[in-house]
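Contents: one structure, followed by commentary.
Just so you know, all these numbers are worked out from the coordinates, no wet-lab data involved. Given the structure is predicted, the values throughout are model-derived calculations rather than measurements. All Cβ positions, glycine included, derive from the backbone under ideal geometry; neighbour counts span all protein chains shown.
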Amino acid sequence: MKKLVSIVIPAFNEEENLITIIDRIEKVFECLGYNFEIIIVDDGSSDNTINNLKNEIANKHHLYFIEFSRNFGHQAALMAGLNNANGDCVISMDADLQHPPEMLTQMLQKWEEGYEVVYTRRLPDPSLPFKKRKFSELFYKLLNSLSDVEIESGTADFRLLDKIVVKNLNQFKEMDPFVRGLVKLVGFKQFAIDYIPAERFKGSSKYSLAKMRRLALHGVTSLSIKPLYTAVYLGFFFSFLSLLYIPYILFAFYEGTEVSGWASLIMTVVFFGGLQLIILGFLGIYLGKMFMQAKNRPNYIIRSTNIK
Ligand code: UDP
Ligand code: MG
């Protein structure tokens with residue numbers, strides 16, 4: 001009995017890429033001894049993604065789609081794929097061919113060797129815009145210093161998960177899952193493969209800088225409550241500093257020496273105003289997450305699918 005491999009591909013306005021990626025995946029599997037299914041999750045595209053897909057399905061028995069009722073985001077689409085995949089392992093990848101389908105062979109080989117998670121690490125890509133590269137570097141630094149779960153630089157959502165890992169991930173009932181973090185969190189035997197990402201095949205990136213910023217903040221606050229502790233430590237630190245400074249001012253006052261003040265006063269006010277807002281903001285984010293979680297709304301809504 002051949003093993004079944006599920007490929008999950010979130011797609012948001014990827015009409016120009018889908019047919020090509022399906023073709024390339026089929027080619028790869030021609031030389032491998034597996035059964036496979038491709039599950040495309042249409043994340044509320046406004047172009048022809050879903051129509052093209054439905055046309056393809058007519059003559060491809062291994063092709064499945066899940067159509068969302070609107071755009072719910074990449075992570076939600078990924079989870080929908082994991083929730084509905086039946087494979088002995090599930091491989092997630094992007095629709096834009098930046099994740100070379102030819103790497104599947106190597107990933108499957110590692111899986112056969114007994115690794116339950118085979119994830120990939122993107123090597124720094126010199127052709128990426130400087131702003132995005134720096135942001136990505138900063139993203140992982142910040143994420144790791146503020147979080148309990150270490151996420152290696154360059155890991156994206158291109159990975160193979162054994163069905164036992166998928167089963168465990170599917171049990172996480174959290175709002176807005178940050179899949180990258182959850183995969184680290186569940187443990188299991190993990191193996192990393194380095195690769196050089198290809199250029200996006202067609203179309204433009206669906207991740208604006210604003211979306212990346214949101215993902216970064218979300219990554220930190222959904223994996224740990226370290227920022228709250230940091231706030232407490234900062235509080236102690238500055239209280240201690242002020243304890244040293246207050247006697248100095250009192251002494252100067254007593255001596256009658258004039259303590260000049262405007263510049264330092266404004267600086268302190270501005271600095272601590274900012275610091276307090278940041279801390280308040282973090283508190284707010286955690287509170288907001290509790291609010292959203294309490295409502296227990298679904299992470300995505302499916303309009304139609306051909307998965308039974
Ligand atoms: N994507 C999605 N929903 C979104 C944004 C992106 O399903 O709201 C998909 C997109 O179609 C692609 C993958 O997520 O398959 C990664 O997006 P993209 O290639 O635009 O990100 P980048 O590689 O530029 O970081
Ligand atoms: Mg891409």
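Of all the options G261, G284, G44, the one that moves most in a Gaussian network model of the chain with Cα springs shorter than 10 angstrom is G261. When Rg and the Kirkwood Rh are both derived from Cα coordinates, the Rg/Rh ratio for region 86-227 amounts to 0.95.
Note on the chain: GNM, Cα springs under 10 Å; of I66, I249, I193, the largest mean-square fluctuation is that of I249.
For the pair C31 and F271 in one chain, pulling the backbone fully straight at 0.36 nm per residue adds 80.2 nm over the alpha carbon distance.
Close amide H pairs (under 5 Å, H built 1.01 Å from N) link D47 with N13, residues at least 5 positions away or on another chain. Loop-resident chymotrypsin sites (Phe, Trp or Tyr not before Pro) (DSSP state other than H, G, I, E or B) in region 199-308 with no more than 13 further Cβ atoms inside 10 Å of their Cβ: Y207.
Of all the options A263, A231, A156, the one that moves most in a Gaussian network model of the chain with Cα springs shorter than 10 angstrom is A263. Extension gain for the segment E174 to F188, taken as residue separation times 0.36 nm less the Cα-Cα distance, is 3.0 nm to one decimal. Quick check on my link table: of K2/K189; K163/K226; K3/K163; K226/K289; K189/K211, which ones sit more than 20 Å apart, alpha carbon to alpha carbon? Over 20 Å Cα-Cα: K2/K189; K163/K226; K189/K211.
Free of any GluC sites (Glu not before Pro) that DSSP assigns to a loop and that have at most 11 other C-beta atoms within 10 Å, the longest stretch within the chain is 1-112.
Derived scalar couplings between HN and Hα for region 53-63 equal 5, 5, 5, 5, 4, 3, 10, 9, 7, 9, 9 Hz in order, rounded to whole Hz, by the Karplus curve 6.51 cos²θ - 1.76 cosθ + 1.60 (θ = phi - 60°), x for Gly and Pro. Which percent, nearest 5, of DSSP beta bridges in the chain are antiparallel? So the antiparallel bridges in the chain amount to around 30 percent. Computed from the C-beta positions of S145 and N59, the FRET efficiency with R₀ = 51 Å rounds to 0.50. Ellipsoid fit via the Cα gyration tensor, region 28-79: semi-axes of 23, 14, 8 Å, each the root of five times an eigenvalue, largest first. Principal axis extents of the C-alpha atoms in region 169-308 (largest first, rounded to whole Å): 84, 39, 34.
A Förster radius of 25 Å, combined with the Cβ-Cβ distance separating R70 from K202, puts the computed FRET efficiency at roughly 0.60.
Scattering from region 91-144 was approximated by placing one identical point on each alpha carbon and applying the Debye formula without solvent; log10 I(q)/I(0) at 0.15, 0.19, 0.29 1/Å stands at -0.61, -0.85, -1.12.
The charge dipole of the chain, taken about its Cα centre with unit charges on the Cβ atoms of Lys, Arg (+1), Asp and Glu (-1) only, comes to about 500 debye. For region 226-295, the share of alpha carbon pairs falling in successive 5 Å distance bins from zero is 3, 13, 15, 19, 15, 11, 8, 6, 4, 3, 2, 1, 0 percent. Per residue, the chain reaches -16500 deg cm²/dmol at 222 nm when only DSSP H runs of four or more residues are counted, each adding -39500 (n - 2.57). Only residues of region 79-94 count here: report those whose backbone N is under 14 Å from the spot 7 Å along Cα→Cβ of K2, or say none. From region 79-94, the list is 88.
Multiplying the sequence separation of I19 and E255 by 0.36 nm and subtracting their Cα-Cα distance, what value in nm do you get?
76.8 nm
Distance between the 7 Å Cα→Cβ label points at S304 and K131: 3.9 nm. With semi-axes defined as the square roots of five times the eigenvalues of the C-alpha gyration tensor, the equivalent ellipsoid of the chain measures 47, 19, 19 Å, largest first.
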